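Sharing a structure, written as structure tokens. Questions coming.
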Amino acid sequence: MTDQKKVLEIVEKIIAKIEEEKEYLTELDQPIGDSDHGINMARGFQEVEKKMPSLDGKDIGSILKTVGMTLMSKVGGASGPLYGSAFMKAGLKMAGKTEMDINDFLTCLDTAIEAIQKLGKAQVGEATMIDAMVPADEAMKKAVESGADDKAVLEAGSKAAWAGAEHTKDLVATKGRASYVGERGLGHQDPGATSFSYILEVISENV
Ligand code: ADP
Ligand code: MG
């Protein structure tokens, strides 16, 4: 069980990780986009940082909703509304909860994927964050079914997310800004798939 205090701790760690990887995420966005993914994510999560004091003692739903609304309103790029709606919709599922377990987490991820696909219309194989999220989700569900403990489930998810991000190098983007470069995008890892992998990695290291 992860309580709301732990969730806030993990949000802090995500803010720090995004800040740490800001330049790398921006570099990844250079050949296939407009060199701003790290800048966008860091700006959004710095705004989340400002909201942290107001989240003390709040339920998990409110925390996720605030993260989502902040990313939605403060990030200019496509990733803002995508991650924003993902956190917001996951927050609705966790409304009023002060603790969450691994199944709640998978519900959040399912909801996040659904929200991102509703907005961005990307399927697996189009070289977006979806290519890290869906394999991670599948790997974690499989691990839960096989009776793995929470730590092992999250590690399997993180590993699958990174493999998915790596695999975006072999895909031609057909959604988002990267679709403009077509086949020239081959060999380049998708920035959004990478930022998602960092987020899940932080979660898996801290639960
Ligand atoms: P922008 O593309 O507006 O500059 P960012 O650079 O912050 O925004 O984010 C780019 C990332 O957003 C991409 O690497 C990709 O993972 C994700 N993305 C873009 N469009 C979509 C979409 N339609 N569906 C899912 N993810 C998308
Ligand atoms: Mg960009």
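The values are calculated or read from the model by the stated rules, or taken from the named source; none is laboratory data. These numbers were taken from a predicted model, which means no experiment stands behind them. Note that we place each Cβ from the backbone using ideal geometry, even for glycine, and neighbour counts take in every protein chain shown. The area values use the complete protein model at the heavy-atom level, side chains included, leaving out ligands, DNA and RNA. Shrake-Rupley method; radii C 1.70, N 1.55, O 1.52, S 1.80 Å.
Scanning for something more than 30 Å from Glu183 (Cβ to Cβ) and small (Gly, Ala, Ser), does the range 103-118 turn up at least one residue?
No, the range 103-118 contains no residue that is more than 30 Å from Glu183 (Cβ to Cβ) and small (Gly, Ala, Ser).
Mind checking whether some residue in the range 47-65 is closer than 15 Å to Gly192 by Cβ, within 16 Å of ligand 1 (Cβ to nearest atom) and among the aliphatic types (A, V, I, L, M)? Explain how you work it out, then say what you get.
Narrowing the range 47-65 to residues closer than 15 Å to Gly192 by Cβ: none.
No, there is no match, as no residue in the range 47-65 is closer than 15 Å to Gly192 by Cβ, within 16 Å of ligand 1 (Cβ to nearest atom) and among the aliphatic types (A, V, I, L, M).
Further question on the same structure: Inspect the range 94-111 for any residue being within 17 Å of the chain's Cα centre (by Cα) and under 22 Å from Gly33 (Cβ atoms) and give the result as yes or no.
There is no residue in the range 94-111 that is within 17 Å of the chain's Cα centre (by Cα) and under 22 Å from Gly33 (Cβ atoms).
Being within 10 Å of ligand 1 (Cβ to nearest atom) and either open to solvent by less than 70 Å² (accessible area, probe 1.4 Å) or in a helix (DSSP H, G or I) (or both), is that true of even one residue in the range 16-25?
Yes, the conditions are met somewhere in the range 16-25.
In the range 188-207, what residues are open to solvent by less than 50 Å² (accessible area, probe 1.4 Å) and more than 12 Å from ligand 1 (Cβ to nearest atom)?
Of the range 188-207, the ones open to solvent by less than 50 Å² (accessible area, probe 1.4 Å) are 189-204, 206.
Once the filter is applied, which keeps residues that are open to solvent by less than 50 Å² (accessible area, probe 1.4 Å) and more than 12 Å from ligand 1 (Cβ to nearest atom), the range 188-207 yields Tyr198, Ile199, Leu200, Glu201, Val202, Ile203, Ser204, Asn206.
Still on this structure: In the range 79-93, how many are of a type in the set (A, V, I, L, M) and within 20 Å of Leu25 (Cα to Cα)?
Taking the range 79-93 as the starting set, the residues that turn out to be of a type in the set (A, V, I, L, M) are 82, 86, 88, 90, 92.
Of the ones still in play, those that are also within 20 Å of Leu25 (Cα to Cα) are 82, 86.
Result for the range 79-93: 2.
Could you please find all residues in the range 70-91 being in a helix (DSSP H, G or I) and of a type in the set (A, V, I, L, M)? Full working, then the answer.
Initial filter on the range 70-91 (in a helix (DSSP H, G or I)): 70-74, 79-91.
Once the filter is applied, which keeps residues that are in a helix (DSSP H, G or I) and of a type in the set (A, V, I, L, M), the range 70-91 yields Leu71, Met72, Leu82, Ala86, Met88, Ala90.
Please pick out the residue among Ser79, Ser158, Ser73 that is closer than 20 Å to Lys22 by Cα and more than 16 Å from the chain's Cα centre (by Cα).
On the way: Ser79 fails: more than 16 Å from the chain's Cα centre (by Cα); Ser158 fails: more than 16 Å from the chain's Cα centre (by Cα).
Just one listed residue meets the conditions, Ser73.
Same structure, new question: Between a first residue in the range 51-64 that is touching a residue at least 12 places away in the same chain (Cβ under 8 Å) and a second residue that is among the hydroxyl-bearing types (Ser, Thr, Tyr) and in a loop (DSSP other than H, G, I, E, B), which pairs have beta carbons less than 8 Å apart while being 6 or more apart in sequence or on different chains?
Every condition considered, the pairs that remain are Asp59/Thr98; Ile60/Thr98.
In the range 23-57, what residues are under 16 Å from Tyr83 (Cα atoms) and in contact with a Gly (Cβ under 7 Å, 6 or more places away or on another chain)?
Once the filter is applied, which keeps residues that are under 16 Å from Tyr83 (Cα atoms) and in contact with a Gly (Cβ under 7 Å, 6 or more places away or on another chain), the range 23-57 yields Leu25, Asp36, His37, Asn40, Gly44.
Take the residues of the range 1-15 that are part of a helix (DSSP H, G or I) and in contact (Cβ under 8 Å) with a residue 60 or more places away in the chain: which is nearest to the chain's Cα centre (by Cα)?
Start the filter on the range 1-15 by keeping residues that are part of a helix (DSSP H, G or I), which leaves 4-15.
So of that shortlist, the ones also in contact (Cβ under 8 Å) with a residue 60 or more places away in the chain come out as 4, 6-7, 9-10, 13-14.
Values: Gln4: 19, Lys6: 18, Val7: 15, Glu9: 16, Ile10: 13, Lys13: 13, Ile14: 10 Å.
Residue satisfying both the conditions and the ranking: Ile14.
So, of the residues in the range 27-50 that are without any contact (Cβ under 8 Å) to a residue 24 or more places away in the chain and within 16 Å of ligand 2 (Cβ to nearest atom), which turns out to be least open to solvent (accessible area, probe 1.4 Å)? Talk me through it step by step, then tell me what you get.
Within the range 27-50, the subset without any contact (Cβ under 8 Å) to a residue 24 or more places away in the chain is 27, 30, 35, 39, 50.
Then keep just the ones that are within 16 Å of ligand 2 (Cβ to nearest atom); that gives 27, 30, 35, 39.
On the way: Glu27: 121, Gln30: 116, Ser35: 43, Ile39: 70 Å².
So, considering only residues that are without any contact (Cβ under 8 Å) to a residue 24 or more places away in the chain and within 16 Å of ligand 2 (Cβ to nearest atom), the one least open to solvent (accessible area, probe 1.4 Å) is Ser35.
Results for (1) part of a helix (DSSP H, G or I); (2) open to solvent by 30 Å² or more (accessible area, probe 1.4 Å); (3) without any contact (Cβ under 8 Å) to a residue 24 or more places away in the chain, shown as yes or no for each residue.
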residue	(1), (2), (3)
Gly96	no, yes, no
Leu106	yes, no, no
Leu109	yes, no, no
Ala112	yes, no, no
Ala115	yes, no, no
Thr128	no, no, no
Gly147	no, yes, yes
Lys151	yes, yes, no
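Answer yes or no as to whether Asp34 is at pLDDT 95 or above, under 25 Å from Thr174 (Cα atoms) and in a loop (DSSP other than H, G, I, E, B). Walk me through how you get there before you give the answer.
Working: at pLDDT 95 or above: yes; under 25 Å from Thr174 (Cα atoms): yes; in a loop (DSSP other than H, G, I, E, B): yes.
Judged against the criteria, Asp34 is a match.
Does Ser179 count as surrounded by fewer than 20 Cβ atoms within 10 Å (Cβ to Cβ), over 22 Å from Glu9 (Cα atoms), of a type in the set (S, T, N, Q) and within 16 Å of ligand 2 (Cβ to nearest atom)? Step through it out loud before you land on a result.
Details: surrounded by fewer than 20 Cβ atoms within 10 Å (Cβ to Cβ): yes; over 22 Å from Glu9 (Cα atoms): yes; of a type in the set (S, T, N, Q): yes; within 16 Å of ligand 2 (Cβ to nearest atom): yes.
Against the criterion (surrounded by fewer than 20 Cβ atoms within 10 Å (Cβ to Cβ), over 22 Å from Glu9 (Cα atoms), of a type in the set (S, T, N, Q) and within 16 Å of ligand 2 (Cβ to nearest atom)), Ser179 qualifies.
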